[in-house]
């Protein structure tokens, strides 16, 4: 089983099949219409089928080369930075309108910075302060964008 | 002469103090971000798009064009100094440019890149000015079927330019199209694939998708590779190339300019194809006697692709301005930017909004001049920037992406979009599915559906209309030929070799 997880083409193929079928199934909720008067479901359904078909071809190519993939080192996912950065960006989205820009930027810079393998907390703290000052200067005072700066500002 | 009066109208717009200032700021910001390793023009433009919202449309487009040229030149600087091309169009520049830098001639390489770019930019700007009006007129004859087929051709060309598997590239285009269809259908008012999320009824934000995949996705890929760069900071050397350099390069610049101008117009082409092709051409012409050999610091290997990619960058505005069809991902972003400013790109722009049209064209030249004036003295500053370690750089990039996308609609939903597409972009990269075709499909998708529907309505449901109209038929034949050629084993091998070089 592990050998199949190393197979980039097989995984990509499965991804396209799955997404294609989702769009095909979804398209049944919308009217197909006729060729002359296409409904909203027409184009997405056709494309969904095409995508799933291409997915089968890609997966097939992958299966053909399975022997090579089984010998390879694998795809080498590193999920840690992915999770850290995603959490950091999501937190930014939550805090920006509620707690204001300073807190949001501090959280984003600091948390995302932790994902580097050669991180240095002191540097990171420094950069966080710089970013807060810079962004406040550029976006709020310079470009006059409507954003909260501190939790207590209106 | 019409051309002259049009150009003077354009320069009248572009040379106002405010617009010069915006072109300057655009070039400066574009270079600033573009010089950062691992950030290409698409991510740069997406990131800087919000800075133009508050401007009037003409100024905004002028500034965006400046950002584009700046980003591209910044990419070349990084390619020469650190051998880390931030974008595919400067991949070939890195081959000889970096070797020149290692020999202590970074200055000459950077100088020649700037001068070559300027010459190419000036020529191709004239070309755009000369060809855009007749092409816009021709474009008015295009019916919906012709537009649809043209877009099919454009997407196939994008597939041809993608790295790696062709089938995957096609699948990515299709994925891009269906993602572009999410949201309210203009014809029926039905909210498609919105899963009752109110924000999704407006569709997935284009800026968010671009920033997620090309900004955050890139960072994730870079983070796992770790750092390995060597900056030649101490000895950039004199910036002005020697007389011998000019003698060596003028032919390369001329050929690069011509080739780049032609290739830039083609759908799917633009700067990337132009720089690859012109480098190969120079290598062929120079032959084995080249001294120093190509790949070991021959200045022609810098001058040719740099001229070509700038010429291509310029002329790729032609399909956008005349047909409203973006030929590559960068131009797709320009469509996004124009729509934000309520301009519908297409043949009508030139008559409905001549100020904007000619102002933009004139500002192309202004932008190119700005690059030379700006970059040669500021090289020292860009070098300093390259010294910032990536561990500090990427949190800053993230902040700009996140704030930038938030300001598009002032909604946190767009922040979720970049988070999601960051992960998706990482998965694509790991599965070797290139994202540029997806972006083009995403922009063209809704236009394609609209034109398909109209064409089929006009033909009363007869699909033969696509083959009966001569323009449409020839586009489809070209697209078909392209696919056949791509599938030929010999070409496939050659194509793989070309892309192995990066």
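The values are calculated or read from the model by the stated rules, or taken from the named source; none is laboratory data. Please read these numbers as outputs of a predicted model, since none were measured by experiment. Cβ atoms come from the backbone with ideal geometry, glycine included; neighbour counts cover every protein chain shown.
Assuming residue B:457 fulfils every condition listed in (1) within 7 Å of chain A (Cβ to nearest Cβ); (2) crowded, with 22+ Cβ neighbours inside 10 Å; (3) under 30 Å from residue B:142 (Cα atoms) apart from one, which condition is it?
If we test residue B:457 against (1) within 7 Å of chain A (Cβ to nearest Cβ); (2) crowded, with 22+ Cβ neighbours inside 10 Å; (3) under 30 Å from residue B:142 (Cα atoms), just (2) comes out false.
Counting just the residues of the range A:69-86 that are exposed (fewer than 15 other Cβ atoms within 10 Å of the Cβ) and at the interface with chain B (Cβ under 10 Å from one of its Cβ atoms), which one comes out farthest from residue B:416 (Cα to Cα)?
Among those that are exposed (fewer than 15 other Cβ atoms within 10 Å of the Cβ) and at the interface with chain B (Cβ under 10 Å from one of its Cβ atoms), it is A:76.
Conditions tested, residue by residue: (1) surrounded by 20 or more Cβ atoms within 10 Å (Cβ to Cβ); (2) within 30 Å of residue B:348 (Cβ to Cβ); (3) over 24 Å from the mean Cα position of the chain (by Cα).
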| site | (1), (2), (3) |
| --- | --- |
| B:102 | no, no, yes |
| B:121 | yes, yes, no |
| B:145 | yes, yes, yes |
| B:151 | yes, yes, no |
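Go through (1) more than 17 Å from the chain's Cα centre (by Cα); (2) in a helix (DSSP H, G or I) one by one and return the number of the condition residue B:90 breaks.
With (1) more than 17 Å from the chain's Cα centre (by Cα); (2) in a helix (DSSP H, G or I) applied to residue B:90, the lone miss is (1).
Here are B:237, B:269: which of them is part of a loop (DSSP other than H, G, I, E, B), modelled with pLDDT under 70 and buried (at least 24 other Cβ atoms within 10 Å of the Cβ)?
B:269
Restricting attention to the range B:18-37, does a residue exist that is surrounded by 24 or more Cβ atoms within 10 Å (Cβ to Cβ), within 14 Å of chain A (Cβ to nearest Cβ), in contact (Cβ under 8 Å) with a residue 12 or more places away in the chain and over 19 Å from residue B:405 (Cβ atoms)?
Yes, there is a match, as at least one residue in the range B:18-37 is surrounded by 24 or more Cβ atoms within 10 Å (Cβ to Cβ), within 14 Å of chain A (Cβ to nearest Cβ), in contact (Cβ under 8 Å) with a residue 12 or more places away in the chain and over 19 Å from residue B:405 (Cβ atoms).
Here is a list: B:354, B:326. Which entry is under 30 Å from residue B:148 (Cα atoms) and surrounded by fewer than 21 Cβ atoms within 10 Å (Cβ to Cβ)?
B:354
I'd like the residue in the range A:99-123 that is within 9 Å of chain B (Cβ to nearest Cβ) and not in a helix (DSSP H, G or I) and, out of all such residues, is surrounded by the most Cβ atoms within 10 Å (Cβ to Cβ).
A:115
Determine the pairs where a residue that is in a loop (DSSP other than H, G, I, E, B), located within the range A:76-98, has a partner that is surrounded by 14 or more Cβ atoms within 10 Å (Cβ to Cβ) with Cβ atoms under 6 Å apart, the partner being 6 or more residues away or on another chain.
From residues that are in a loop (DSSP other than H, G, I, E, B), the pairs are A:78/B:224.
Does the range A:92-99 contain at least one residue that is within 19 Å of the chain's Cα centre (by Cα) and more than 30 Å from residue B:172 (Cα to Cα)?
Checked the range A:92-99: at least one residue is within 19 Å of the chain's Cα centre (by Cα) and more than 30 Å from residue B:172 (Cα to Cα).
Going by the structure shown, is residue A:3 surrounded by 14 or more Cβ atoms within 10 Å (Cβ to Cβ), over 30 Å from residue B:463 (Cα atoms), out of contact with any helix residue (DSSP H, G or I) (no Cβ under 9 Å at 6 or more places or on another chain) and touching a residue at least 24 places away in the same chain (Cβ under 8 Å)?
Criteria not met by residue A:3.
Taking the range A:124-144 only, how many residues are within 16 Å of residue B:50 (Cβ to Cβ) and either more than 9 Å from chain B (Cβ to nearest Cβ) or surrounded by fewer than 19 Cβ atoms within 10 Å (Cβ to Cβ) (or both)?
9
What are the residues in the range B:430-453 that are more than 10 Å from chain A (Cβ to nearest Cβ) and more than 20 Å from residue B:336 (Cα to Cα), if any?
Once the filter is applied, which keeps residues that are more than 10 Å from chain A (Cβ to nearest Cβ) and more than 20 Å from residue B:336 (Cα to Cα), the range B:430-453 yields only B:434.
Condition check ((1) in a helix (DSSP H, G or I); (2) surrounded by 20 or more Cβ atoms within 10 Å (Cβ to Cβ); (3) more than 7 Å from every other protein chain (Cβ to nearest Cβ)) across all residues:
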| position | (1), (2), (3) |
| --- | --- |
| A:29 | no, no, yes |
| A:40 | no, yes, no |
| A:44 | yes, yes, no |
| A:49 | yes, no, yes |
| A:52 | yes, yes, yes |
| A:56 | yes, no, yes |
| A:63 | yes, no, yes |
| A:67 | yes, no, yes |
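Give the residue, chosen from B:59, B:5, that is assigned to a helix (DSSP H, G or I) and free of Cβ contacts under 8 Å to residues at least 40 places away in the same chain.
Only one candidate qualifies: B:5.
Looking at the range B:430-453, which of the residues that are surrounded by fewer than 24 Cβ atoms within 10 Å (Cβ to Cβ) and not in a helix (DSSP H, G or I) is farthest from the chain's Cα centre (by Cα)?
B:431
So which residues in the range A:48-78 are at pLDDT below 90 and within 23 Å of the chain's Cα centre (by Cα)?
Selection gives A:74, A:75, A:76, A:77, A:78.
What's the total number of residues in the range A:1-14 that are more than 7 Å from chain B (Cβ to nearest Cβ) and assigned to a helix (DSSP H, G or I)?
Selection size over the range A:1-14: 8.
Taking the conditions exactly as written (surrounded by fewer than 19 Cβ atoms within 10 Å (Cβ to Cβ), closer than 27 Å to residue B:272 by Cβ and facing another protein chain (nearest Cβ under 9 Å)), does residue B:427 satisfy them or not?
Considered against the rule, which asks whether it is surrounded by fewer than 19 Cβ atoms within 10 Å (Cβ to Cβ), closer than 27 Å to residue B:272 by Cβ and facing another protein chain (nearest Cβ under 9 Å), residue B:427 comes out as yes.
Quick check on the range B:452-473. Is at least one of its residues under 20 Å from residue B:42 (Cβ atoms) and in contact (Cβ under 8 Å) with a residue 24 or more places away in the chain?
So far as the range B:452-473 goes, no, none of its residues is under 20 Å from residue B:42 (Cβ atoms) and in contact (Cβ under 8 Å) with a residue 24 or more places away in the chain.
Scan B:69, B:73 and give me the residue that is buried (at least 24 other Cβ atoms within 10 Å of the Cβ) and over 15 Å from residue B:385 (Cβ atoms).
The conditions single out B:69.
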